[in-house]
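Some notes on the structure that comes next.
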Amino acid sequence: MQKLKEAGAVILGKTNTDEFAMGSSTENSAYVTTRNPWDLERVPGGSSGGSAAAVAANMAYAALGTDTGGSVRQPASFCGVVGLRPTYGRISRWGVVAFASSLDQVGTFGRTVADTTALFQAIAGYDRRDSTSLDVPVPDYEAALTGDIKGLKVGVPAEYFIEGIEPDVETAVRAAIAKLEELGAEIHEINLPHTRYALPVYYLIAPAEASANLGRYDGIRYGPRLPGSDMIDTVKKTRSLFGPEVKRRIMLGTYALSAGYYDEYYGRALKVRTLIKQDFQTAFAQVDVIACPTSPTTAFKIGDRTDDPLSMYLADIFTLPLNLSASCGLNVPCGFDSKGLPIGLQLIGNTLQEAMILNTAYAYEQAMDWGGKRP
Ligand code: GLN
């Protein structure tokens, strides 16, 4: 925010999110329900659903979010805006509430690729106050938006076109990939064989890290306090302030880290994470950019998935693998389903290759004409 202010930005306010950014629909918010501007009966995605909805509804020029498992790209997809999740460490996390420290990264939303890039350009770079911040030069991302993608090698992972993906989503994403080819890109079929382990691995690592990060909210050393009759009672009352999803994650994570299960769950998840990372490294030895759907579905109805955590978790099945690797990714709108809801194309780049994916999205966006369709 400091960098944005220095760049002359006007801060309009805070946007809604799932509590501690845990969720895929913003329904876990401690405040209100955010609605999708394209259909008010539907969710905006999450966890940065407020940011995506605000940008889609023209309430703001651009917005920030965090993406630990998809929380910028997935709501961007549901709300028909551009959302960038840069490489881990590219943007400072100073001032961001920690969820899962090895996965968290700030991202930017805009209605166009250029807007998203402008915001990103203003805030990318090293910050000594974030020990995971990358001390590498910041390229001129805006100058990289040439729209020229001739000869670009685009990989299409077979594992991302699975059963359960909505036919309209698959059709639109495949059409977008065909458009990239028409613009001069070379399309290659690739494999990311460990993709199916990303969801279970994420739901061990993220809750484990969250349970450690949220341990400080005991009302004694940190956070609000609900006073009780003694210390134990105070901690009990204070910890009961967390919402149900946050409690679920704390319990899952604490269990995965407990003495008898650490190797079995957390330790094993870390090993599989390495395999997922290697999948991406192998892919990026063959191609420059990976193209796939951002989400298997378009925006679902408010309340549809709140009683079934697993179906909620599945909303991020295509965004989670990137967070477990060292890649960057974005969502760019690529059409509408039969209900008129936005569909998103996900473009994934190798470590610090934001300029390449932004330019690919820019080339695509410039070539398409949605007739100025807005919610
Ligand atoms: N939806 C995922 C989760 O609930 C990702 C959240 C995020 O990126 N903050 O953990």
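If the cut-off is 25 Å between C-alpha atoms, which lysines fall inside it for LYS236, apart from same-chain ones fewer than 8 positions away?
Hits, sequence-local ones excluded: LYS247.
Quote the relative contact order of the stretch 1-138 in percent (integer), defining contacts as alpha-carbon pairs under 8 Å separated by 6+ residues. Display every interim value, and only then the final one.
Values: 305 pairs, mean separation 27.8, N = 138.
In percent, rounded to a whole number, it is 20.
Please report the Cα spread of the stretch 12-98 along all three principal axes, rounded to whole Å, starting with the longest.
So the three principal-axis extents are 36, 25, 24 Å.
Compute the accessible area per residue over the chain, keeping the other protein chains in place, probe 1.4 Å, unit Å².
Working: 16120 Å² over 375 residues.
Per residue, the chain has 43 Å² of solvent-accessible surface.
Show me 78-90, 163-175 ranked by packing, highest mean number of other Cβ atoms within 10 Å first. Show your work: numbers first, answer last.
Details: 78-90: 29.1, 163-175: 15.8.
Per-residue Cβ counts within 10 Å, averaged per peptide and sorted highest first, yield 78-90, 163-175.
Reachable aspartates and glutamates from LYS271, Cα under 18 Å, same-chain residues fewer than 8 places away excluded?
List returned: GLU209, ASP263, ASP279.
Would you calculate a helix-derived [θ] at 222 nm for the chain, using -39,500 (n - 2.57) for each DSSP H run of n ≥ 4 and dividing by the full residue count, to the nearest 500? It would help to have the intermediate numbers written out before the result.
Numbers: 12 runs with 129 residues, N = 375.
Counting only the DSSP helices, I get -10500 deg cm²/dmol.
Over the chain, what percent of the accessible surface lies on carbon and sulfur atoms, probe 1.4 Å?
Details: 8740 of 16120 Å².
C and S fraction of accessible area: 54 percent.
Once the mean 1/r over all distinct Cα pairs of the stretch 83-154 is inverted, what Kirkwood radius in angstroms do you read off? Display every interim value, and only then the final one.
On the way: mean 1/r = 0.0743 Å⁻¹.
Computed over the stretch 83-154, the radius equals 13.5 Å.
Read phi for every residue in the stretch 135-146 and hand back ³J(HN,Hα) as whole Hz from Karplus 6.51 cos²θ - 1.76 cosθ + 1.60, θ = phi - 60°, with x for Gly and Pro.
So the Karplus estimates, Gly and Pro as x, are 8, 10, x, 9, x, 7, 5, 5, 5, 6, 7, 9 Hz.
Two-decimal Rg/Rh of the stretch 319-360 from alpha-carbon positions, Kirkwood Rh? Show your work: numbers first, answer last.
Numbers: Rg = 12.2 Å, Rh = 11.3 Å.
Taking Rh as the inverse mean 1/r over Cα pairs, Rg/Rh reads 1.08.
How large is log10 of I(q)/I(0) for the stretch 168-234 at q = 0.17, 0.21 Å⁻¹ when the intensity is taken from the Debye formula with one equal scatterer per alpha-carbon?
For the stretch 168-234, the Cα-only Debye profile gives -0.82, -0.96.
Using only the alpha-carbon atoms of the stretch 276-375 as identical scatterers, what base-10 log of I(q)/I(0) does the Debye formula give at q = 0.18 Å⁻¹?
Each listed q maps to, in turn, -0.94.
In square nanometres, what is the average projected area of the Cα convex hull of the stretch 202-332? Don't jump to the answer; show the numbers that get you there.
Numbers: hull surface 43.5 nm².
Averaged projected area of the stretch 202-332's Cα convex hull equals 10.9 nm².
Take each of the peptides 199-210, 233-244, average the number of other beta-carbon atoms within 10 Å over its residues, and list them starting from the highest.
On the way: 199-210: 22.6, 233-244: 14.9.
Sorting 199-210, 233-244 by mean packing, highest first, produces 199-210, 233-244.
Report, in cubic angstrom per residue, the convex hull volume of the C-alpha atoms of the stretch 123-268. Don't skip to the end; give the middle numbers.
Values: hull volume 30.7 nm³, N = 146.
Taking only Cα atoms, the stretch 123-268 has a hull volume of 210 Å³ per residue.
Using all C-alpha to C-alpha distances in the stretch 46-135, build P(r) with 5 Å bins and read off the rounded percent in each one.
Taking every Cα pair in the stretch 46-135, the percentages come to 3, 18, 27, 24, 17, 9, 2, 0.
How much space per residue, in cubic angstrom, does the convex hull of the C-alpha atoms of the chain take up? Walk me through the numbers before you get to the answer.
On the way: hull volume 51.7 nm³, N = 375.
Considering the Cα atoms of the chain, their hull volume per residue is 138 Å³.
Can you pull out the chymotrypsin sites (Phe, Trp or Tyr not before Pro) in the stretch 131-194 that DSSP calls coil and that have at most 16 other Cβ atoms within 10 Å? Present the calculation step by step, with values, prior to reporting the outcome.
Values: sites: TYR141, TYR160, PHE161; in loops: TYR141, PHE161.
Hits after loop and neighbour filter: PHE161.
The values are calculated or read from the model by the stated rules, or taken from the named source; none is laboratory data. Note that this is a predicted model, so its numbers are computed, not measured. Don't worry about glycine lacking a Cβ; one is built from the backbone with ideal geometry, like all the others, and counts go over all protein chains shown. The accessibility values were calculated without ligands, DNA or RNA, using every heavy atom of the protein model including side chains. Shrake-Rupley method; radii C 1.70, N 1.55, O 1.52, S 1.80 Å.
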